[in-house]
Amino acid sequence: MILDSRICYRALKARDARFDGRFFVAVSSTRIYCRPVCTVKPPKRENCRFFPSAAAAESGGYRPCLRCRPELAPGNASVDATSRLAQAAASMMEDRTLDQEGLDTIASRLGITDRHLRRAFGAEFGVSPVEFAQTQKLLLAKRLLTDTALPVTEVAFASGFGSVRRFNALFKQRYRLKPGQLRLQRQNGVPAAADLLKFELSFRPPFDWSAVSAFLGVRAIAGVEAVEGGCYRRTVRIPIDGKEHTGWIAVEMSPRKPTLRVAVSASLAKALPPVLSRVKALMDLACHPAEVGQALGALAKRHPGLRVPGAFDGFEMAVRAILGQQVTVAGARTVAGRFAATFGDPIETPFDSLTTLFPTAKRVAAISPGSIARLGMPGARARTVVALARAVADGRLALVPNADIEATLAALRALPGVGEWTAQYIAMRALSWPDAFPHTDLGVMKALGETGARQVLAAGEAWRPWRAYAVMHLWQSLTKE
């Protein structure tokens, strides 16, 4: 990523939130790097260096600011091919894929060589994938030390370090602090609840939380998800190193800051990187609303902060999409609830509405289509669910943000019973593809006043490369306000 120092400095002086997370400013006189929205007095221009990522700043010998906390900066969405490859790899690193399977696996999933991935990664972030991953671990550790009461040993392992000694040494080398010193600097010295971990995830305003939470609420799978009192909650199952970590999360809008407040059950402490990464994808926190609004024009004016809700679990969302074929949203929700209750696993939570863990792809792959059909759907649709599960379980299909779009769409279309609407809807949400366009959707046709898919497809050309956002705005236009 090439940065224009003049533009960066103007954005820094203006504390322009549109640039938050797009670059970081390092100050040579203090050896500290900040977000462009930091509230400290702007440094002199000659003392500033600008970096495309926190990792690049730390590689240059700077430590993170304790006031603006660079680890809280929002991510970046992109449709540029090279940038998207690098962002996809970064997303997988947040999910601990690099630790568990290596760079070769990440490159293979993206359909490129590891050499090309390193090249794209360096161009986007200014550092190697390994250096980037190391910085992400340290920033997560810094967040856990600041925001939770987890013991330092648990912080080290939850952040992805293999040993406490390595964690302590690297933390002191990079940040010129011992982990315990940072904990002592926690504001007000108020300890966090031991059974609950709380975080804040930043976004670029505006954010239409009421529309996003309503969208998720009407599609919530009974027992697995719920939206109550403006708060989204769900059960969680995440495998790491051959072990399953289960629990729950809750997400709500912060009343005063451009952040979402996230509560995570303590049982998920060792799975925090993928948990937070998936929340970011679900809530589309990497969105640049100004860019989207400029591309969509008048269509976006009524709801300028509307996001495209992603998926916390790609397989779960894809099953929900298949169950929703040719039925109403309410009808799909009913069947999805039966599916989860029948084939999922029970879990205890503090909430009456959260009782069930959605079944894994491996579990569903072993179920007979007849058993699924008895829940109230055609046999062909049940066979599609099983075919999807088998493709995901054996690794032929990866339903994760930023996966290879064309390859994944082709694999989805090859499944029996998956048409263009289903493939595009899954790409829109599970893959976080901003240009996905389910042009055969009846709601989209109605909103546009068209009766043919060809005409809808032609109309959508004006909204490239943000057609998924156009779909959300078209659907929103059909709701009663």
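The values are calculated or read from the model by the stated rules, or taken from the named source; none is laboratory data. Since the structure is predicted, the reported quantities are computational estimates derived from the model, not experimental observations. Note: ideal-geometry Cβ built from the backbone for every residue, glycine included; neighbour counts use all protein chains shown. Only protein heavy atoms, including side chains, enter the accessible area calculation; ligands, DNA and RNA are left aside. Shrake-Rupley method; radii C 1.70, N 1.55, O 1.52, S 1.80 Å.
Conditions tested, residue by residue: (1) crowded, with 20+ Cβ neighbours inside 10 Å; (2) at pLDDT 95 or above.
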site	(1), (2)
Ser353	no, yes
Ile372	yes, yes
Gly379	no, yes
Gly395	no, no
Asn402	yes, no
Leu412	yes, yes
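Matching residues to (1) open to solvent by 30 Å² or more (accessible area, probe 1.4 Å); (2) closer than 20 Å to Ala141 by Cα; (3) part of a loop (DSSP other than H, G, I, E, B):
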{"position": "Ile2", "(1), (2), (3)": "yes, no, yes"}
{"position": "Arg6", "(1), (2), (3)": "yes, no, no"}
{"position": "Tyr9", "(1), (2), (3)": "yes, no, no"}
{"position": "Lys13", "(1), (2), (3)": "yes, no, no"}
{"position": "Phe24", "(1), (2), (3)": "no, yes, no"}
{"position": "Cys38", "(1), (2), (3)": "no, no, yes"}
{"position": "Phe50", "(1), (2), (3)": "yes, no, no"}
{"position": "Cys68", "(1), (2), (3)": "no, yes, yes"}
{"position": "Ser83", "(1), (2), (3)": "no, no, no"}
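Failed condition for Arg454, given (1) of a type outside the set (A, V, I, L, M); (2) farther than 30 Å from Lys301 by Cα; (3) part of a helix (DSSP H, G or I), with all others met?
The failed condition is (2).
Answer with yes or no whether Arg363 is open to solvent by 70 Å² or more (accessible area, probe 1.4 Å) and either modelled with pLDDT of 95 or more or more than 23 Å from Trp248 (Cβ to Cβ) (or both).
Yes, satisfied.
Given the criterion open to solvent by 50 Å² or more (accessible area, probe 1.4 Å) and modelled with pLDDT of 95 or more, identify the matching residue among Arg256, Arg233, Arg261, Arg237.
Arg261 is the lone residue from the list that is open to solvent by 50 Å² or more (accessible area, probe 1.4 Å) and modelled with pLDDT of 95 or more.
What are the pairs with Cβ atoms under 6 angstrom where one residue, in segment 384-402, is more than 20 Å from Ile372 (Cα to Cα) and the other, located anywhere, is part of a loop (DSSP other than H, G, I, E, B) and at pLDDT 95 or above? Sequence gap at least six, or different chains.
Leu399/Ala430
Which residue pairs have Cβ atoms under 7 Å apart, sit 6 or more places apart or on different chains, and have a first residue in segment 36-55 that is touching a residue at least 40 places away in the same chain (Cβ under 8 Å) and of a type in the set (Gly, Ala, Ser) and a second that is assigned to a loop (DSSP other than H, G, I, E, B) and open to solvent by less than 40 Å² (accessible area, probe 1.4 Å)?
Every condition considered, the pairs that remain are Ser53/Val127; Ala55/Val127.
Just the residues that are among the hydroxyl-bearing types (Ser, Thr, Tyr) and either within 24 Å of Lys198 (Cα to Cα) or modelled with pLDDT of 90 or more (or both), please, taken from segment 45-80.
Answer for segment 45-80, where residues must be among the hydroxyl-bearing types (Ser, Thr, Tyr) and either within 24 Å of Lys198 (Cα to Cα) or modelled with pLDDT of 90 or more (or both): Ser53, Ser59, Tyr62.
Scan Glu450, Glu461 and give me the residue that is out of contact with any helix residue (DSSP H, G or I) (no Cβ under 7 Å at 6 or more places or on another chain) and among the acidic types (Asp, Glu). Step through it out loud before you land on a result.
Values: Glu450 fails: out of contact with any helix residue (DSSP H, G or I) (no Cβ under 7 Å at 6 or more places or on another chain).
That would be Glu461, the only listed residue that is out of contact with any helix residue (DSSP H, G or I) (no Cβ under 7 Å at 6 or more places or on another chain) and among the acidic types (Asp, Glu).
Collect the residues in segment 193-224 that are open to solvent by 20 Å² or more (accessible area, probe 1.4 Å), part of a strand (DSSP E or B) and either farther than 26 Å from Gly344 by Cα or of a type in the set (Asp, Glu) (or both), keeping them in residue-number order.
Once the filter is applied, which keeps residues that are open to solvent by 20 Å² or more (accessible area, probe 1.4 Å), part of a strand (DSSP E or B) and either farther than 26 Å from Gly344 by Cα or of a type in the set (Asp, Glu) (or both), segment 193-224 yields Lys198, Glu200.
Here's the yes/no breakdown for (1) open to solvent by 10 Å² or more (accessible area, probe 1.4 Å); (2) free of Cβ contacts under 8 Å to residues at least 40 places away in the same chain; (3) among the polar types (S, T, N, Q); (4) on the phi > 0 side of the Ramachandran plot:
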{"site": "Pro273", "(1), (2), (3), (4)": "yes, no, no, no"}
{"site": "Lys280", "(1), (2), (3), (4)": "yes, no, no, no"}
{"site": "Leu285", "(1), (2), (3), (4)": "no, no, no, no"}
{"site": "Gln294", "(1), (2), (3), (4)": "yes, yes, yes, no"}
{"site": "Arg302", "(1), (2), (3), (4)": "yes, no, no, no"}
{"site": "Gly305", "(1), (2), (3), (4)": "no, no, no, no"}
{"site": "Gly310", "(1), (2), (3), (4)": "no, no, no, no"}
{"site": "Ala321", "(1), (2), (3), (4)": "no, no, no, no"}
{"site": "Thr328", "(1), (2), (3), (4)": "yes, yes, yes, no"}
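Ile372 is checked against (1) in a helix (DSSP H, G or I); (2) closer than 26 Å to Lys280 by Cβ and fails just one. What number does that condition carry?
Among (1) in a helix (DSSP H, G or I); (2) closer than 26 Å to Lys280 by Cβ, the lone unmet condition for Ile372 is (2).
Among the residues that make up segment 428-440, is at least one of them open to solvent by less than 20 Å² (accessible area, probe 1.4 Å), without any contact (Cβ under 8 Å) to a residue 60 or more places away in the chain and part of a helix (DSSP H, G or I)?
no
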